[in-house]
Amino acid sequence: MKTIELKVTGMTCKNCERHVADAIETVSGVEKAIADHRHDRVLVRLTDDDASVDAMKAAIEDDTDFKMVEVVE
């Protein structure tokens, strides 16, 4: 399994983290998402190396008020 790091801006609390993680976990190929508002990042564990980063970005930006600005691998 592969883990990627996403830079997500706008999170300010644990509730924000939960909303972002829940949105990302709806994407096919994502096993688990762990958000950290203090460092503006989300660690995403993938079950499928072909999981779409574009789909993760869309899930975050369509379902929450936050923005994904970068993928750090």
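The values are calculated or read from the model by the stated rules, or taken from the named source; none is laboratory data. Note that this is a predicted model, so its numbers are computed, not measured. Methodologically, a virtual Cβ is constructed for each residue, glycine included, from the backbone with ideal geometry; neighbour enumeration extends over all protein chains shown.
Structure values in brief
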{"read-out": "For HIS39: the one exception among (1) modelled with pLDDT under 95; (2) exposed (fewer than 14 other Cβ atoms within 10 Å of the Cβ)", "value": "(1)"}
{"read-out": "Count of region 28-63 residues which are more than 11 Å from the chain's Cα centre (by Cα) and part of a loop (DSSP other than H, G, I, E, B)", "value": "11"}
{"read-out": "Subset tally (residues that are farther than 15 Å from GLY10 by Cα, in contact with a strand residue (DSSP E or B) (Cβ under 8 Å, 6 or more places away or on another chain) and either among the charged types (D, E, K, R) or touching a residue at least 40 places away in the same chain (Cβ under 8 Å) (or both)) for region 26-73", "value": "13"}
{"read-out": "Selection count, region 3-22, where residues are closer than 17 Å to GLU70 by Cβ and either within 10 Å of the chain's Cα centre (by Cα) or basic (Lys, Arg) (or both)", "value": "6"}
